[in-house]
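Reviewing the structure listed below.
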Amino acid sequence: HGITSSSDTFWRIGPALGVGLDRFVVAPDQMAHGRTGHWTGTVSFRDNAASIAAFIRAAGLDRPDLAVVGHSWGGVTVAELPAAGIRPAVLVLLDPPALPLAAIASMLHDPVERHYDDLDEALRAIAGANPTWAAGDVLAKAAALTEFDEPAVRAILTENGDWDGGLAALRDPA
């Protein structure tokens with residue numbers, strides 16, 4: 001999932017992939033997002049990939065036919081999985097950001113993509129900004145905006161340099 005989102009954003013595509021590809025689909029929350037608890041202080045894409053790799057191993061999903069889809073920040077993260085010792089048979093990077101640091105850091109000033117303490121307020125903001133979204137998408141994004149750790153998001157956005165869509169990670173011989 002992307003930054004300030006959660007695994008809940010896969011509410012529709014996860015089951016569709018499961019049925020369409022006859023696969024078991026798992027959508028974990030990334031660090032400091034969703035129901036992961038509080039931030040541990042690590043911000044690099046490689047550290048985050050190591051966390052996801054540990055989850056894959058602990059869940060018994062490190063198999064030769066493993067397929068991984070990462071969206072946005074998740075795409076940049078899963079591009080680092082081979083360096084973390086996980087080599088998926090299929091690795092899909094869906095809309096991974098390739099933006100200079102200044103553009104990524106501008107997300108810190110987005111009046112909608114911010115932390116909300118109140119779900120109803122987040123629902124109104126997301127629904128108002130995205131009138132064509134399905135109710136499930138609005139709910140997933142609004143809930144995610146009440147769950148992420150704000151200092152973690154600031155650090156992730158600003159301490160990873162320019163975001164290259166995972167290209168540097170994919171060039172890594174690992």
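The values are calculated or read from the model by the stated rules, or taken from the named source; none is laboratory data. Keep in mind that this is a model prediction, so the values were computed, not measured. Cβ placement follows ideal geometry from the backbone for every residue including glycine, while neighbour counts extend to all protein chains displayed. These accessible areas exclude ligands, DNA and RNA; they are computed on the full protein's heavy atoms, side chains included. Shrake-Rupley method; radii C 1.70, N 1.55, O 1.52, S 1.80 Å.
At-a-glance table
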| item | result |
| --- | --- |
| Residue match in segment 104-112 (condition: closer than 21 Å to Glu159 by Cα, polar (S, T, N, Q), free of Cβ contacts under 8 Å to residues at least 40 places away in the same chain and surrounded by fewer than 17 Cβ atoms within 10 Å (Cβ to Cβ)) | yes |
| Matching residues in segment 85-101 - criterion: being buried (at least 18 other Cβ atoms within 10 Å of the Cβ) and more than 17 Å from the chain's Cα centre (by Cα) | Ile86, Pro88 |
| Candidate set from segment 147-174 (those that are assigned to a helix (DSSP H, G or I) and open to solvent by less than 40 Å² (accessible area, probe 1.4 Å)); member that is farthest from Thr4 (Cα to Cα) | Ala169 |
| Scope segment 61-86; condition assigned to a loop (DSSP other than H, G, I, E, B) and over 20 Å from Ala155 (Cβ atoms); matching residues | Leu61, Asp62, Arg63, Pro64, Asp65, Leu66, Gly85, Ile86 |
| Long-range neighbours under 7 Å by Cβ, at least six apart or interchain, first residue closer than 11 Å to Thr4 by Cα and touching a residue at least 24 places away in the same chain (Cβ under 8 Å) within segment 131-143, second buried (at least 20 other Cβ atoms within 10 Å of the Cβ) and of a type in the set (A, V, I, L, M, F, W, C) | Lys141/Ile126; Ala142/Ala122; Ala142/Ile126 |
| Residue check for Glu80: open to solvent by less than 60 Å² (accessible area, probe 1.4 Å) and among the acidic types (Asp, Glu) | yes |
| From the options Gly18, Gly70, Gly41, residue that is closer than 24 Å to Ala168 by Cα and open to solvent by less than 20 Å² (accessible area, probe 1.4 Å) | Gly70 |
| Criterion violated by Ala53 - all others in (1) open to solvent by 50 Å² or more (accessible area, probe 1.4 Å); (2) of a type in the set (A, V, I, L, M); (3) under 15 Å from the mean Cα position of the chain (by Cα) satisfied | (1) |
| Filter pass, His33 being within 25 Å of Ala16 (Cα to Cα), touching a residue at least 60 places away in the same chain (Cβ under 8 Å) and either out of contact with any Cys (no Cβ under 9 Å at 6 or more places or on another chain) or in a loop (DSSP other than H, G, I, E, B) (or both) | yes |
| Selected residue (criterion: farthest from Phe45 (Cα to Cα)) from residues of segment 87-97 that are free of Cβ contacts under 8 Å to residues at least 60 places away in the same chain and assigned to a strand (DSSP E or B) | Val90 |
| Extreme residue, most open to solvent (accessible area, probe 1.4 Å), among residues of segment 21-36 that are charged (D, E, K, R) and within 15 Å of the chain's Cα centre (by Cα) | Arg35 |
| Subset of segment 98-141 (residues that are at pLDDT below 95 and part of a loop (DSSP other than H, G, I, E, B)) | Asp110, Pro111, Val112, Glu113, Arg114, His115 |
| Candidates Asp149, Asp164 - the one that is over 14 Å from the mean Cα position of the chain (by Cα) and within 28 Å of Leu61 (Cα to Cα) | Asp164 |
